[in-house]
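Right, one structure below, let's go through it.
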Amino acid sequence: MVDPASRRALAVPTTLALAALVALSVLVLPSAAAGAAEGCSEESWIGGIVELCDGALVYRDYVFDDYGANEPLTVPPARNTGSLSGTAGDQRYPGVLGATADLVDLTLRIVGDELEAVFELNALYEPGQTVAAIAIDTDADPTTGGGAWIDGDLDLGISSDGWEVLETFRTGDPVPNLITGRLPLPAGERWRVQAVTAQADGTVMNVAFRGTDEETRVGNWFEDRQAAALEDGDISAFAAEVVVADLTSGATRPAAEPSGYHSRVYVSEHTIGTGEGMSYDPVWGRDGNSGEICEQAFHYFGRYQPYGIYIPEGDGPTGLQLALHGCNANHASLVDQPGMQSQLGEALDRIIVVPLGRGPVGYYSDISERDVLDVLDDVTTTYDVDPDRVFSGGYSMGGYGAYRFAMLYPHRFAGMINWVGFTGDGNNNPTGTALNEYDSGAVGNVIDFVRNLRHVPSALLYAGADELVQSHTHTAMAQRFAAEGGAYEYFLHPYADHFTFALADDWEKEAAWTSELTRVTDVATVVYRTAAFLGNEEFGIRHDEAYWLSAIRGREDAYIDLEATTSACGGERPLFEDGNDAGVGPAAFAWVSQNRHIVGGEPTTEEDRLEATFSNVASVTVDVEEACLGGKDITYAITTDGPTVVRFSDGRSLALDEGEHHGVLAAGASAGPGASAGAPGAGGPGPLPATGGGAPLAGVVAAAAGLVLARRRRA
């Protein structure tokens, strides 16, 4: 554990909105016929679920929702990690470390003649800093019992109806972050159970059994109803109904997967900082605390990480839309808006996903990038997602992230939607680019990677009166798309500002633009730029593959550029047409656009030929099946600016010096001229693990040579 006293204080005050009390509802266990998953949720779950697992009742909570009661007119305002990440509750912990009363899950099981309660917390640094409490109504009559939650000298400041049994547990184990307690087995065949966690002084921070439909109308952390109930001092509405026979018989009844808007939690393999919970004193990004607005920083340290999700009605497979949040916002941003849910979710049958990114200003690199990759993995593992309908997208800082993901993992995405995205450098302008000068925490100037979007159609929405992402930067981006990009449309709204699109909640134009797009998998020409400094080995991030090229290593820590074409699959070369358009929307905001659309295709000559130009490439691997070159003599024409080893997935290789190289690599040859599989100059570590560096969401590998030969490619 890191000594809490060693952490520096960082308070980011924010004025919180206030709202009236909303209706509350009792949480009831799902029936066995509710369409439940095959097993109990342990690695990820929808916040607020209850399930039975081998005779144990398990409640799985939201995380980072521990802000206690709303206190109207709190002065000074309660601190937050971002100015757009306010909370409904106004209670805070002493010091900078939080989440010590943040309930992760609660497990109840019968052990002999006792009931055992195990509270898992997001963080715990001292055994006595957190109190857990449980109340049980044993006679199913809310008019009997109940009252204030007072246990000896401890007054929790709340009440509820109907309970006959109240127990508090005041000592925890900071190693596994558990508070475990036992009480005599309550009477009755059916119980109504309630539970809370509190600071040692009795300040309740988190209430269990709130259901899967917590709200984000007042705050942004899925705790509106909790804050309102605690303000009133009555938590009667939050409870779970328990059939005692289910516990004694060892019943298993997993929770159903609901549709709609929710917070989902997954278990990460990676931690930072104290290794648990969160802190208002962040782990700073690569540039440290530079004083820049929106400087990269990470506030959420532990294994349990939340993300916002909207799941459309109906059966899969569904598409998936990333909607990465902007600076100072969090995982409730955008996805909580009915327009986005309707127009991008229901109408296009896409799951909408907003990762927290380890905080409001993670900039989607390093641990923040790892978070997005892990969220994508969790969503595609949990739900029936069509890998050919996965879209990058984001707003402001999230727009920068949308660029970054689409550009560095182009083989994963069918398209991109970018709303007022930061372009990576405030010095980007139509007359030139100040390379390697990254403002505001960006890791990589994404304007330099537009070439990677050759096969990822992109809708770019910008505002002429944007006070944050200034016009010269997105004008430069539009020019770069015109010079290097594939299909795109740059929508300029001259009178809109930075927040117009979010406030209007009208996404119809971009939804229509991407509605028919599917991922391009059969690619004849791969154009890809990468660099080692963009990745992070600690978190298993390496941007080293695109389509049928992989294990890309550079000779120097600088841009690595590859352009490679296989002619062995035949197919068509896309024909583009540049144009302009104009219209109105969102709302009454007029727009003009420049665009490039695919208007047809030109057949290419099919021959067993590989052409490539490499810059700063020490080694690269060609997937011969994906490139339709398996089992064939390969005629090659390769230009490289230094020593390069080209490996083929069937074991062949070429070791090339600087210059132009022409020849034929025979089928079945073990190595090319003067080369072997382990020739000097290969450079760098071996291929990444499957979770590390942009493995496609689904491989498209032919099962037989006949299928490979029948493929037609898009150049």
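The values are calculated or read from the model by the stated rules, or taken from the named source; none is laboratory data. Fair warning: this is a prediction, and the values are worked out from it, not measured in the lab. Positions of Cβ are generated from backbone atoms using ideal geometry, with glycine treated the same way; all protein chains shown enter the neighbour counts. Accessible surface areas use protein heavy atoms only, side chains included; no ligands, DNA or RNA. Shrake-Rupley method; radii C 1.70, N 1.55, O 1.52, S 1.80 Å.
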Cleavage-rule hits (GluC sites (Glu not before Pro)) in the stretch 164-262: DSSP loop, at most 13 neighbouring Cβ within 10 angstrom: GLU189
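Keeping every protein chain present and rolling a 1.4 Å probe, give me the accessible area per residue for the stretch 430-536 in Å². Numbers along the way, then the final one.
Numbers: 3570 Å² over 107 residues.
On a per-residue basis, the stretch 430-536 sits at 33 Å².
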Value of Rg to Rh for the stretch 467-618 (Rh from inverse mean 1/r over Cα pairs, i.e. Kirkwood): 1.03
Length-normalised contact order for the chain - Cα pairs under 8 Å, 6+ apart - percent: 10 percent
Sites GLU660 and ILE293, calculated FRET efficiency, Cβ-Cβ separation with R0 35 Å, nearest 0.05: 0.15
Alpha carbon centroid spacing (whole Å) that separates the stretch 369-431 from the stretch 83-130: 33 Å
Carbon plus sulfur fraction of accessible area for the chain, probe 1.4 Å, in percent: 51 percent
Relative compactness, the stretch 297-438, computed as alpha-carbon Rg over 2.2 N^0.38 Å: 1.03
Rough spin-label spacing in nm, given labels placed 7 Å along Cα→Cβ, for VAL592 and THR605: 4.4 nm
In the stretch 454-526, the chymotrypsin sites (Phe, Trp or Tyr not before Pro) that fall in loop regions by DSSP, at most 12 other Cβ within 10 Å: TYR495
Tail fraction, Cα-Cα pairs, the chain, threshold 36 Å, whole percent: 46 percent
Residues of the stretch 332-427: accessible area per residue with a 1.4 Å probe, Å²: 16 Å²
Heavy-atom accessible area per residue - the stretch 43-171, 1.4 Å, Å²: 32 Å²
